[in-house]
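Just below is one structure, and these are the notes that go with it.
Just so you know, all these numbers are worked out from the coordinates, no wet-lab data involved. Just so you know, these numbers come straight off a predicted model, no measurement behind them. Methodologically, a virtual Cβ is constructed for each residue, glycine included, from the backbone with ideal geometry; neighbour enumeration extends over all protein chains shown.
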Amino acid sequence: MLTAGLDHTLFGVEVDASQYHYPPRRTVSNGLHGRVANLPARLTGYGEQWQDDGRCVLWAEGEVRQAAIFGEHLRLTRRIEADLGGTEIRLIDRVRNAGFDPTPHMYLYHINIGWPFLDEGARFEMPLRRTLWQSDSVTDQGVSNTDMPGPLSGFVEQVYEHELQPDADGLVRPRLVNDRLGMYFELEYDAAQFPSFFQWMHLREGAYAVGFEPSTHHVQGETAAREDGSMTFLEHGEERLYTTTFRVGRTG
């Protein structure tokens with residue numbers, strides 16, 4: 001899993017920086033998926049919690065600060081939980097603007113699943129409403145995005161943006177199913193927190209993976225979000241909450 005953000009996701013771009021009120025810095029240059037994945041985290045705590053039903057929850061918490069003078073000051077606080085003997089990992093993220101200027105915020109998880117879950121005959125299942133966008137390589141190669149082949153020589157990545165149908169609780173659960181193993185990997189997330197979802201396929205030999213990518217913004221990226229008014233700006237002290245579950249289960 002790669003975390004993308006905290007102020008930018010997707011491809012590199014140069015954008016307006018006037019919100020930071022420093023005339024010599026007129027623009028911000030953002031690289032692929034922003035800066036947060038390349039910043040060190042500080043462990044703030046870990047332990048175990050015994051529940052009334054006898055369940056033991058293992059947990060760890062940490063913080064990443066993405067800050068610059070005449071720039072953003074965003075803080076990611078992450079809590080990871082897993083039930084002892086359980087089949088899921090829960091991720092609770094809070095992103096807060098600790099600065100005093102309105103600050104852009106974009107967020108995306110790049111969750112890559114490889115072998116043995118990904119294998120010839122595995123199926124990608126999702127509550128699909130419609131596909132909003134796909135890379136040119138989808139038409140050029142014609143490789144299915146639901147029925148997985150084995151590793152392919154010279155495969156060019158295929159990327160899709162899908163609109164998925166949440167359930168009555170507002171949750172979405174795409175999964176990768178492997179009948180040979182009798183198991184599946186499932187991602188559960190809140191569609192209100194992550195309104196967009198990308199499917200990434202890199203089925204080339206030596207780098208065989210399929211990606212689950214819940215995102216706060218569409219695949220066109222930051223420039224398009226600023227132009228159409230969908231860009232998120234956090235005010236001082238404002239925060240966003242993201243709750244996500246990684247689950248492994250048995251089929252049948």
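Under a 5 Å amide H to amide H cut-off, with H placed in plane at 1.01 Å, what residues pair with Ala17 once short-range neighbours are removed?
Amide H neighbours of Ala17, under 5 Å, 5+ apart: Thr27, Val28.
Relative contact order, percent, of the chain when contacts are C-alpha pairs under 8 Å separated by at least 6 residues?
21 percent
List the trypsin sites (Lys or Arg not before Pro) in segment 4-40 that DSSP assigns to loop (not H, G, I, E or B) and whose Cβ has at most 16 other Cβ atoms within 10 Å. Which are they?
Arg25, Arg26
Once Rh for the chain is found with the Kirkwood sum over Cα pairs, what is the Stokes-Einstein diffusion coefficient at 37 °C and 0.692 mPa s, in µm²/s?
In µm²/s, the coefficient rounds to 167.
For segment 1-45, what's the relative contact order in percent, using C-alpha pairs closer than 8 Å and at least 6 residues apart?
In percent, rounded to a whole number, it is 46.
Taking the simple approach of a point 7 Å from Cα along Cα-to-Cβ for both Ser137 and Arg247, what is their distance in nm?
Each label point lies 7 Å from its Cα, and together they span 3.1 nm.
Could you give me the ³J(HN,Hα) list for segment 227-240, computed from phi with Karplus coefficients 6.51, -1.76, 1.60 and θ = phi - 60°, whole Hz, x at Gly and Pro?
6, 8, x, 8, 5, 8, 10, 8, 7, 3, x, 6, 9, 10
Ranked by Cβ crowding within 10 angstrom, fewest neighbours first, how are Phe70, Phe155, Phe197 ordered?
Phe70, Phe155, Phe197
For segment 120-173, just say rounded, prolate or oblate: build the C-alpha gyration tensor, square-root its eigenvalues into a ≥ b ≥ c, call rounded for a/c under 1.5, and beyond that prolate if a/b exceeds b/c, oblate if not.
Judged from the Cα gyration tensor, segment 120-173 comes out oblate (a/c at least 1.5, b/c at or above a/b).
What relative contact order, as a whole-number percentage, does segment 122-163 give when Cα pairs under 8 Å and 6 or more residues apart are counted? Don't skip to the end; give the middle numbers.
Details: 41 pairs, mean separation 26.4, N = 42.
Answer for segment 122-163 is 63 percent.
Between Arg55 and Leu84, 0.36 nm times their residue separation minus their Cα-Cα distance comes to what?
Additional length available on full extension: 9.7 nm.
Which far-off residues, 5 or more places away or on another chain, put their amide H under 5 Å from the one on Leu164, with H placed in the peptide plane?
The list, which skips near neighbours in sequence, is Arg129.
Give me Thr9, Thr223, Thr3, Thr44 ranked fewest to most by other Cβ atoms within 10 Å of their Cβ, as a rough exposure proxy.
Values: Thr9 27, Thr223 15, Thr3 22, Thr44 12.
Ascending Cβ contact count within 10 Å gives the list Thr44, Thr223, Thr3, Thr9.
Apply the Karplus parameterisation 6.51 cos²θ - 1.76 cosθ + 1.60, with θ equal to phi minus 60°, to every residue of segment 104-121 and state each ³J(HN,Hα) to the nearest whole Hz, in sequence, with x for glycine and proline.
x, 9, 9, 8, 7, 9, 10, 9, 9, 10, x, 5, x, 4, 7, 7, 4, x
What are the ³J(HN,Hα) couplings of segment 130-143, residue after residue, when phi is run through the Karplus curve with 6.51, -1.76, 1.60 and θ = phi - 60°? Round to Hz, x for glycine and proline.
In residue order, the calculated couplings are 6, 9, 8, 7, 8, 6, 4, 5, 4, 5, 5, 9, x, 7 Hz.
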